[in-house]
Structures are given as structure tokens and as C-alpha cells.
Amino acid sequence: MKSIYDKQWRSKFIKILLIIIVIIFSTMTYTKKDEVKAKDLPPSSNNIIPKPLSYEKGSGKFVLTSNTSIYVKGNNEKETEEISKVAEFLREKLKASTGFELKILKAENVPAQSIYLTTVGAQADKGNEGYTIATTAQGVKITAYKPEGISRAVQTLRQLLPPAIEKNNLVSGVEWSIPVSTIEDKPEYSNRGLMLDVARHFFTVDEIKRQIDHAAQYKINRVHLHLSDDQGWRLEIKKWPDLTAIGGSTQVGGGPGGYYTQEQFKDIVRYAADRYVEIVPEFDMPGHSNAALASYGFLNPDGKKKPLYTGTKVGFSSFMTHDEKTYGFIEDVIKEVSEISPSKYFHIGGDEALSTKKADYDYFVGRVANIVKKYGKTPIGWDPIDTSPSIDSSVVLQNWKDSNSAARQKNMKIIASVAKKAYLDMKYDETTPYGLTWAGYIPVETAYTWDPTDFAPKNLVLGLEAPLWTETIPNEKAMDYMIYPRLLGYAEIGWTPKADRNWMEYKNRLKSQEERMENQGIKFYKDISVWGNNTK
Ligand code: TNX
């Protein structure tokens, strides 16, 4: 009896042992597989957003130390100066976290252990924004046709370094290494924009600069400022001071509003230009004009100033379209702004003019477009500006409604901003604490998975722009939350060819940006499709 019991027990024991061995073995192979996976994983450098055209990894690394210098050389003195400014930008970005005060030197012979920024020998084929970054164990060489391309490359270089590089305080114990690699890159579209509505809620110069700086790292190259609307006029016009004294004195909800002096506007423009970002000014008309109508009685049919408006309705205001005083006033504004705005574009609004008869609207936008052209600028307008017979291909359509057949017929250039895909003021989902829903929810995946050519023929598309309307966006925290991380997707749609983009792959790269954004203090939204549950 005992021996039978023993036998049974033994066979049971052997079975259990076998199971344990199988379990141990399978976890071993699993971890082994995992190790292999980890080893084969693309280095963090492959997590660059927007994704570069080509990335080739070698072996080894270049390590940045306090002895590294930045060398600059252009094709002429002026270009060398311009590259030096890009070098200064790079030095400042590296300073806080590394503690290094890198020297910037102009020299013929570039020694090892340096970062070399140059336009010498570059071909025009990658355009003004294209570049090559060649990293060896000895150093980094950035070559571009124009200093602008060097600036875009410098933004890429930040992402080749460990995420701690983005910290605002000294970090110790991190090796500041860049993997040996070669990157060839250039953008798909020349217009990759972010719009900030500073009219519904006012944002300070520093808040705007902060957004420009954050957006520029993802190679956004246009920041469109929506400078007037029913609720506020936000730029000083010397000839008409009440525009800001009265029209700038409030905002949605009745707060104090605010405005930029011309000097402050120039300061924003300069700050953006240092990052090769162009500021595009917009004054919305003939609708969305209550702040102006509240500032000066002569702009109204009864000669009386309209009351200030702090609500969120649209479509109730209109300039007088058949009164020469209106056009005299508008010309004064366009003249003053054109003098301080280096952008070749001037945005004249043109949306939701629901209180303007169609024929009057058509006449008005034609007249205003001509004034803009008189001051040497290219007009941009929201649809339905393209439907006016007085608008032709010299005007750019910013397309928000997916209604651009007139623009196509006229061969007008188009900036894609179709609301259901590109509006940063749309909620991510029903739990989003800010924003609107009229164009639908825009989770991060929806924001990423489209292309301007879904809405317009490629030959007409200048690029895209993501607008942040601010009726429900009262502060920086709300702004960050709505812009990030969706803007990274828009930046990539604008930069990376459609065929190279894929949501499943992008998702991983986006997740790897988390630490960088956090280190910069960007209060972004952790979308469930990327970060999973319980991360809100
Ligand atoms: C429509 S889009 C508007 C804006 C609003 C926005 C809110 C466009 C050209 N006009 O006036 O702020 O919807 O999403």
C-alpha cells in the first residue's frame, strides 16, 4: 500500500516539477525575448517628432561636455552672424540642465569634440528648412542651405539628447550623449501653423512667447494671432487709441482684457523670428467686429458706440460695408500693422459675417483684400471668403468648414484648418473640462490621422494650421491642456510625408515625449489611447 501511495505521490511530484520547469523556462525565454527586444528597440533618437525623412543609426555616441564648443560658418559674414544667433539659442537651451556654458566660435578649422553649424557646401534641394545632422563619436555637424534649416536641425538635436536636457535646473549624473547617426530631413508643407485667439481671452506677452517657444520645438513655423473679435481689440493702433483703451478693456466673462502695445508686438515678432516662426496678424471683419464698433461711434450707422460685449455668441456685428469712413479706418489699421509686421501675410477674417448681406460681404472682402495688397501683403481669409466674386487667387483661403469649391475653381492657395480635425478648442472627449463640441470630439488619434489632401488638391495646399479659439480657455493651464499633445500630431502632419505616417507607430513616439513635455512644464492631456486608463 505504502509503495503504491509513494508511486502516486512520485508521479504527482514529477508532474508538478515538470510544470514548474516549464513555467521557469517559459519566463526565462520570455525575459530573454524581452531583453532582445529592448536591445533591438530603436534608440530614443527614433522618437523624434515630427518624424524626420530619414534616420540612419551607426554605433557609438558623441558625448557633450563642458569642453564642447559650437562652431559656426556661413557663406558670408551676414550668414555667419545669423548662424551665430541660432548657436546662441542652442547654447541657452543646453545651459540650464547641463550647466555648460558652451563657447561659440567662428573658425576655419573645426576641431574634434564640437558641434559645427554651417551652410557651406549645402545644396538647395532640401529647401530653406531642410538639413542634415551627421553625428560621429567626434562631434555633430549640421549642414543646411539656410540658417533657418540649421534652426530646425537644432530643434531635432534637442530630441537626440536625453529628456533631462529639457529641465530648467541643473541635472547631475546624466551622460549628455547623442547616438552616432545621420539624419536627412525637410518638410512636406511650408505652412505649419498654430493660431492663438487672444481676443476672447487675453494672454500676456510672456504667455504668448512661452507658447511660441514650445511650438517651435516641433517645427511649427507660423503663429497666427487672432487680434480682434467682438470681445476685444488687442493691438495698439496709434491713430485710433480707443480701439485698445475701450475695445481692449474686457474679454469673455467680463475680465479686464488687455492689449499689446506696438513695441510689445514687435517684441513678440522678434522672439518668434529668433525661432524662425512667423507671426501672422489677424483682424477679423466685417463680422466679429464689435470691439471696434464699441470703440468709435463713427463706425456705426447711428453714430453711436456699441456696448462692449463679454458673451460668446457669434455673428451679430458688422462693419458698414458701403461707408467710406469704414474703409478709411481699416486702411489706417492695415497701414500701421503692416509697418510693424514683417510677415508677408495679413489675415482679414471674413468668417461668420451673419449680419452682413452676402452681396455686401462680397464687396467688402474684395475692398479690404485690395487694401492689404496695397501695403504689400498677401491677404488670408476664412471661408466663405473664396465665394466672393471680388476674391481671386492672390488671396489665401484658410479652410475651416470643408467648403472650398470656389477656392479650387479659382486656384486659390489653401491652408487646411478643417474644424472637425484641426480645432484645438474641441474637447478630446466628454470628460474634457474646457472647450466646445460643435465640430465633434477630437481625441489625439483623430487629430493625427488625416492629411490636408483629404480636403484639397495637393498643388493648392500650403499646409495646415490648428486654431485655439479661447471662449472657454481662460488661462495658461487650459491652453496647454488643449494644445498638447495634439499639436505634435499637427506638426507631424505638416512636416512628414503622408506615406511615412502611421498612428500605431506615432503613438509610441508621442508617449516618449511625455518626459520632455513634463520637464518643460507643459501641462498636457494624457489621452487614453496613448497613456491608457487611470492617467488623467
Ligand atoms: C467658429 S472658425 C469661429 C470662431 C469661434 C469658433 C469656436 C471661425 C473662423 N470662426 O469665431 O471661436 O468657431 O470653435
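The values are calculated or read from the model by the stated rules, or taken from the named source; none is laboratory data. No experiment lies behind these values; they were computed from the predicted model shown. Neighbour counts run over all protein chains shown; Cβ positions are idealised from the backbone, glycine included.
A few remarks follow.
- Residue match in the range 303-316 (condition: surrounded by fewer than 16 Cβ atoms within 10 Å (Cβ to Cβ), touching a residue at least 12 places away in the same chain (Cβ under 8 Å) and not in a loop (DSSP other than H, G, I, E, B)): no
- Residues in the range 149-206 that are charged (D, E, K, R), over 17 Å from the mean Cα position of the chain (by Cα) and assigned to a loop (DSSP other than H, G, I, E, B): Lys167, Glu175, Arg200.
- Here is the figure for the range 109-134: residues that are small (Gly, Ala, Ser) and within 19 Å of Ile178 (Cα to Cα) total 3.
- For the range 365-376, residues that are buried (at least 19 other Cβ atoms within 10 Å of the Cβ) and over 16 Å from Leu397 (Cα atoms) total 1.
- Each residue in the range 435-473 was checked for being within 14 Å of the ligand (Cβ to nearest atom) and surrounded by fewer than 19 Cβ atoms within 10 Å (Cβ to Cβ), and 6 pass.
- Which listed residue, of Ser393, Ser355, is at pLDDT 95 or above, in a loop (DSSP other than H, G, I, E, B), over 30 Å from the mean Cα position of the chain (by Cα) and assigned by TED's automatic domain parsing to the domain that holds Ala439: Ser355
- Pairs, first without any contact (Cβ under 8 Å) to a residue 24 or more places away in the chain in the range 402-417, second among the small types (Gly, Ala, Ser), C-beta under 9 Å, six or more apart: Ala406/Ser388
- The lone exception for Ile330 - which of (1) surrounded by fewer than 22 Cβ atoms within 10 Å (Cβ to Cβ); (2) more than 16 Å from the ligand (Cβ to nearest atom) it fails: (1)
- Some residue of the range 497-505 being of a type outside the set (S, T, N, Q), away from the ligand (no atom under 16 Å from the Cβ), within 14 Å of Phe524 (Cβ to Cβ) and modelled with pLDDT of 95 or more: no
- Number of residues in the range 388-406 that are under 22 Å from Thr321 (Cβ atoms), out of contact with any Lys or Arg (no Cβ under 7 Å at 6 or more places or on another chain) and away from the ligand (no atom under 14 Å from the Cβ): the value is 6.
- The listed residues are Lys526, Lys507, and the only one of them that is outside any helix (DSSP H, G or I) and more than 17 Å from the chain's Cα centre (by Cα) turns out to be Lys526.
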